[in-house]
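The values are calculated or read from the model by the stated rules, or taken from the named source; none is laboratory data. From a predicted model like this one, the values you see are computed outputs, not experimental measurements. Counting neighbours? That spans all protein chains shown, and the Cβs are built from the backbone with ideal geometry, glycine included. Each accessible area value is taken on the protein alone, full model and side chains, heavy atoms only, with ligands, DNA and RNA left out. Shrake-Rupley method; radii C 1.70, N 1.55, O 1.52, S 1.80 Å.
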Amino acid sequence: MKTTFLFAAAFFTLAHLQAAEKPNIILFLVDDMGVMDTSVPFLADKEGKPERHPLNNLFRTPGMERLSGLGIRMRHFYANSVCSPTRVSIMTGQSSARHRTTQWIRPEGNNAGAQGPKDWQWKGITPKHKTLAGLLKKAGYRTIHAGKAHFGPNDSYGELPENFGFDVNIGGRAIGQPGSYYGKSNFTRGKNKSRAVFGLEKYHGKDTYLTEALTIEINAEIKRSVEQKKPFFAYMSHYAVHAPFNPDPRFTANYSDKKVGKNAQAFATMIEGIDKSLNDMLDHVEKLGVAEDTLVFFLGDNGTDAPLGKTHAIACAAPLRGKKGTHYEGGMRVPFIAAWARPNKDNPLQKSLPIPAGMLSSAKGSICDLFPTILKLAGVSHDGKIDGSDFAGALSGGKRTKEFTFLMHFPHGHRSSYYTAWHQGDWKLVYHYNRPPETRHELFHLAVDRTESNNLAATEKKELRRMVKSMTAALEEADAQYPGSKKNPGKKIKPVLP
């Protein structure tokens, strides 16, 4: 019996080592979650210490508190200000200017707008794209998609995640928001099936909230991956906290006394729902015995769209300016946390990426950096043009190997319209294509002006010219498309030096 026990133990150890040659990856993406929609502070004071604000006291996110305690979070992490461009950037490592999915994808057809380029990549991901999921699948990963896809319109290649590298697709199609979050409503709204969530029919008629259903399903697929002794890439892409603002009944009692409106209370319950999902997934990999080998990335896809409105004394991203769909920091900065689900400095995988516990980092990152960083950690090579760079050094508490830049190109109409936002180091330039020269530029030094209240375009002429030059070079190198003029939409407007 002793020999049998030793053989069984040795077999388990060998199987564990074989399964742990590559890290498991959980990429936990929340729709419309801004940097202030959490009890975890992502802003810092002048000494770099975490700084709480009133919104941090509104929300309850113990799962995020847990994850940030295990790893590192970034004060400056950037996404595009609307969802589809961010999602394609995560899958390709390319800026919106390069992959040309520059606007959110309308399932029914081209959403260019009156002055936007009609030939923008409105079909999203195509067979020409080498995706993060596809490359990981080829390298032996079991790839799992759950939740919102929004990678392509109806009946396109990009509509279905299984077309470009996912082994499993739970609930993802062309839609960017559900008709309803309630299983009792079949996750749709009345007789209108155009925004029905795909593939969750077993929850129809049941008292199960959409966030919970997706979590149950992805955890089951993670378990299957572990049983098959395959590393997994689990892309948990929640529909929440996008409208409709359907209260999550599991948490409504926690906000009934808050001095905010009905929609704001509903939004807060939805935040707590995705936070429970995170906690449940962390508990799940712990129970399966693979937490040490599992790397978790948590982030939002664009800035907040919290419906605080006139019922709250502060803006929804305060002290940051703006919200989803705008060129200001409130529209582009998102929460970001990276951590091993169970830190262990002696774990061989963790030695390749040691992540400090509980650190609030001043390093900068963007959605484009995830593609090269994850592939390098997985030992997967890639070719082709990308705009991100491996930022493992920053995740380990140090510095990036390359200067931080982020290009947010938006040649369409929205809350902010026809602009390019260009981050380079601590400087940020916003170039407005359809404005006269005197109001065309906004230049901010974010290290001293996080509220973007001091436009330096008129006083820092040398810096403005340098930033316009570097932005223009980045756009030209990416072969970007440009908006049309108000008087002649067919005539494309390119940046000009001040």
Check: Which whole-Hz ³J(HN,Hα) couplings does the range 103-117 yield from phi under the Karplus relation 6.51 cos²θ - 1.76 cosθ + 1.60, θ = phi - 60°, glycine and proline marked x?
Finding: 9, 5, 8, 8, x, 8, x, 4, 10, 5, x, 4, 10, x, x
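Among Lys128/Lys385; Lys287/Lys399; Lys323/Lys428; Lys128/Lys486, which pairs are too far apart, with a Cα-Cα distance over 23 Å?
On the way: Lys128/Lys385 12 Å; Lys287/Lys399 34 Å; Lys323/Lys428 17 Å; Lys128/Lys486 33 Å.
Long pairs (Cα-Cα over 23 Å): Lys287/Lys399; Lys128/Lys486.
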Margin query: Just the number please: accessible area per residue for the range 451-498, 1.4 Å probe, all protein chains included, in Å².
Written below: 61
Margin query: Run the reach check for Lys259 against aspartates and glutamates, Cα to Cα strictly under 17 Å, same-chain hits fewer than 8 apart removed. What comes back?
Written below: Asp37
Notebook entry, point to check: Once both labels are modelled 7 Å past Cα along the beta-carbon direction, what's the Lys259-Lys184 spacing in nm?
Noted result: 3.2
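What is the gain in length, in nm to one decimal, between Lys491 and Asp426 on full extension, counting 0.36 nm per residue of separation less the C-alpha to C-alpha distance?
Numbers: separation 65, 0.36 × 65 = 23.40 nm, distance 3.35 nm.
Taking 0.36 nm per residue and subtracting the Cα distance, the gain is 20.1 nm.
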Next item on the list: For a label point 7 Å from the Cα of Lys287 along Cα→C-beta, name the residues of the range 172-216 whose backbone N is under 16 Å from it.
Entry: 212-216
Notebook entry, point to check: So how far apart, in nm, are the two label points at Glu108 and Lys345 if each is 7 Å from Cα heading toward Cβ?
Noted result: 5.9
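In what sequence, highest mean first, do 51-64, 372-385 appear when ranked by Cβ atoms within 10 angstrom?
Working: 51-64: 18.6, 372-385: 15.6.
With the highest mean Cβ count within 10 Å placed first, the list reads 51-64, 372-385.
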Check: Short version: ³J(HN,Hα) in whole Hz for each residue of the range 124-135, in order, from phi by Karplus 6.51 cos²θ - 1.76 cosθ + 1.60 (θ = phi - 60°), x for Gly and Pro, what are they?
Finding: x, 5, 10, x, 6, 7, 9, 9, 4, 5, x, 5
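Show that you can apply the helix-only estimate: for the chain, add -39,500 (n - 2.57) for every DSSP H stretch of four or more residues, divide by all residues, and state [θ] at 222 nm to the nearest 500.
On the way: 13 runs with 136 residues, N = 498.
About -8000 deg cm²/dmol.
Quick one: if the Förster radius is 35 Å, what FRET efficiency do Glu162 and Asn192 give, using the C-beta to C-beta distance and rounding to 0.05? Could you put the intermediate results ahead of the total?
Details: r = 26 Å, r/R0 = 0.73.
The computed FRET efficiency comes out at 0.85.
So which trypsin sites (Lys or Arg not before Pro) in the range 216-290 pass both tests, a DSSP loop state and at most 15 other Cβ atoms within 10 Å of the Cβ?
Working: sites: Lys223, Arg224, Lys229, Arg250, Lys258, Lys259, Lys262, Lys276, Lys287; in loops: Lys229, Arg250, Lys258, Lys259.
Answer in residue order: Lys229, Arg250, Lys258, Lys259.
How much length would be gained if the chain were fully extended between Ser470 and Lys138, taking 0.36 nm per residue of separation minus their Cα-Cα distance, in nm to one decimal? Don't skip to the end; give the middle numbers.
Values: separation 332, 0.36 × 332 = 119.52 nm, distance 3.64 nm.
Full extension of this stretch gives 115.9 nm more.
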Next item on the list: Would you pull out the residues with amide H under 5 Å of Thr143's amide H, same chain only if 5 or more places away, H placed 1.01 Å from N?
Entry: Asp167, Val168, Phe233
Notebook entry, point to check: So who's got an amide H within less than 5 Å of the one on Gly300, skipping anything under 5 residues away but keeping other chains? H placed 1.01 Å off N, in plane.
Noted result: Val30
Margin query: Let's test this: bin the Cα-Cα distances of the range 435-498 at 10 Å from zero up to the farthest pair and state each bin's percent.
Written below: 19, 43, 32, 6, 0
Next item on the list: For the range 357-485, give the percent of accessible area contributed by carbon and sulfur heavy atoms, probe 1.4 Å, rounded to a whole number.
Entry: 50
Next item on the list: Give a residue-ordered list of calculated ³J(HN,Hα) values for the range 412-427 (Karplus: 6.51 cos²θ - 1.76 cosθ + 1.60, θ = phi - 60°; whole Hz; x for Gly, Pro).
Entry: 9, x, 6, 4, 10, 10, 6, 8, 10, 10, 10, 9, 9, x, 8, 9
Check: How many nm separate the modelled label positions at Thr401 and Thr252, each set 7 Å beyond the Cα in the direction of the Cβ?
Finding: 5.2
Checklist line | Which listed pairs, of Lys46/Lys276; Lys469/Lys492; Lys193/Lys258; Lys148/Lys469, have C-alpha distances above 30 Å, in listed order | finding: Lys46/Lys276; Lys193/Lys258; Lys148/Lys469
Item checked: Debye equation applied to the C-alpha atoms of the range 11-121, log10 I(q)/I(0) at 0.24 Å⁻¹ -> -1.30
Checklist line | DSSP beta bridges in the chain [antiparallel fraction, %, rounded to 5] | finding: 50
Check: Loop-only check: which trypsin sites (Lys or Arg not before Pro) in the range 82-118 are DSSP coil with at most 12 other Cβ within 10 angstrom?
Finding: Lys118
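Tell me which trypsin sites (Lys or Arg not before Pro) from the range 129-195 have a DSSP coil assignment and no more than 16 other beta carbons within 10 Å of their own.
Values: sites: Lys130, Lys137, Lys138, Arg142, Lys148, Arg173, Lys184, Arg189, Lys191, Lys193, Arg195; in loops: Lys130, Lys148, Arg173, Lys191, Lys193, Arg195.
For trypsin sites (Lys or Arg not before Pro) across the range 129-195 that sit outside H, G, I, E and B with at most 16 neighbouring Cβ atoms in 10 Å, the list reads Lys191, Lys193.
Which percent of the Cα-Cα distances in the range 374-452 go past 20 Å? Each step should come with its number before you reach the end.
On the way: 1566 of 3081 pairs.
Everything past 20 Å amounts to 51 percent.
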Check: Counting Lys and Arg as +1 and Asp and Glu as -1, each charge on the Cβ, what is the dipole of the range 99-210 about the Cα centre in debye, to the nearest 20?
Finding: 80
Notebook entry, point to check: Cross-link partners among aspartates and glutamates for Lys351, C-alpha distance below 14 Å, same-chain residues fewer than 8 apart left out?
Noted result: Glu21, Glu292, Asp293
Check: What is the helix-to-structure angle for 2-19, meaning the angle in degrees between its Cα long axis and the longest Cα principal axis of the chain, kept from 0 to 90 and rounded to the nearest 10?
Finding: 10
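When only C-alpha pairs under 8 Å and at least 6 residues apart count, what is the relative contact order of the range 150-277, in percent? Don't jump to the answer; show the numbers that get you there.
Numbers: 183 pairs, mean separation 23.3, N = 128.
With pairs under 8 Å counted, the relative contact order is 18 percent.
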Next item on the list: May I have the pair-distance distribution P(r) for the range 164-251, computed from all Cα-Cα distances with 5 Å bins from 0 and rounded to whole percent?
Entry: 3, 13, 25, 24, 16, 10, 6, 2, 0
Check: If we count every other residue with Cβ under 12 angstrom of Glu221's Cβ, Lys/Arg +1 and Asp/Glu -1, where does the sum land?
Finding: +1
Notebook entry, point to check: Beyond 43 Å, what percent of the Cα pairs of the chain remain?
Noted result: 12
Check: Relative to the longest principal axis of the chain, what angle (0 to 90°, nearest 10) does the C-alpha long axis of helix 262-288 take?
Finding: 40
Item checked: the chain: angle of helix 210-227 to the longest principal axis, Cα-based, in degrees nearest 10 -> 50
Next item on the list: Find how many whole Å separate the alpha carbon centroid of the range 218-255 from the alpha carbon centroid of the range 431-459.
Entry: 39
